[in-house]
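Just so it is clear, none of the values below were taken in a lab; they were calculated from the coordinates. Predicted, not measured: the structure shown is a model, and the values here were computed from it. Every residue, glycine among them, receives a Cβ derived from its backbone with ideal geometry; neighbour counts consider all protein chains shown.
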Amino acid sequence: WKDSLEYEVKVLLNKNPLSLPSKLGLPKGPASGQIIFKPDNLRFADIQIDWPGVPLFFSGEIKEFKNIYLNLLISYKADFSDVLKIIPEKFSSHTEKLDIQGQNSTSIKIKGRVKEKLNISGNIELDNCLVKYPAIPLPLKNISGIITFDKDSLNTSILKFNYNNINYNLDLKCDNLSSPEFRAKLGSDILKLETIGKINKGNLKLSKFSS
């Protein structure tokens, strides 16, 4: 009888307070959308969490509870200045000297079994952003383009930016992020550079550098 029991419970959220696990260090925020419970899965339909300045959209499902499988999509569109405000305190030390302004749209996909390595991938679309950092004499302006990533790689396809009133294009492919191997092409009206290299234990080794 238990094996044949079928049920479906729908819970409608309407700006209900939502507290995420405290170890994540993320703020509380009202949530809207629908959660659907079934005997063998839990589905999230168009969940929106309204963090200050950063509306987060969440959908997907959790299934096979004895060996949990995730299929989730998380996305948001916001100004970087608002995103930096909600970064957990334990990570904020990495960004305290970084000043980023401008719009970005981010989408993250999470798939796989919790007991195994999850497949995480996504993209970040930058729209007219500005970056200031103490190690860079002048700000990077008008940054636009798309950055794609997964757990092992990071790529940009013609990321455009302006530095010292000169427009540049950057094409970067980076694999094996634990010990990065990269190929980068940087171009402008007055400069063209191509590099191939690897970073291992903090040491940079270039196998190609041409201009």
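List of remarks:
- Dipole magnitude of the chain, debye to nearest 20 (Cβ charges: Lys/Arg +1, Asp/Glu -1, about Cα centre): 560
- Viscosity 1.002 mPa s, temperature 20 °C, Stokes-Einstein D of segment 140-205 from Kirkwood C-alpha radius, µm²/s: 169
- The simple Förster model, with R0 at 25 Å and r as the Cβ-Cβ distance, assigns N67 and N16 a FRET efficiency of 0.25.
- Each peptide in 198-206, 133-141 receives the mean, over its residues, of other Cβ atoms within 10 Å, and ordering these scores from highest gives 133-141, 198-206.
- When its C-alpha radius of gyration is set against 2.2 N^0.38 Å (N residues), segment 91-182 gives a value of 1.23.
- Cβ-based charge dipole, the chain, positive-most Cα from L186, N164, G202: G202
- Over all other residues within a Cβ to Cβ distance under 14 Å of I120, the charged ones net out to +2, with Lys and Arg as +1 and Asp and Glu as -1.
- With the biggest extent put first, the Cα atoms of the chain measure 74, 34, 29 Å across the principal axes.
- Nearby aspartates and glutamates by direct alpha-carbon distance to K201 (threshold 13 angstrom, same-chain neighbours under 8 apart not counted): E181
- All other residues whose Cβ lies under 12 angstrom from that of K192 are scored, Lys and Arg at +1 and Asp and Glu at -1, for a net of -2.
- Across the options G122, N176, N71, the greatest Cα extent toward the positive end of the charge dipole of the chain (unit charges at beta carbon of Lys, Arg, Asp, Glu) belongs to N176.
- In the chain, helices alone account for a calculated mean residue ellipticity at 222 nm of -1000 deg cm²/dmol, with every DSSP H run of four or more residues adding -39,500 (n - 2.57).
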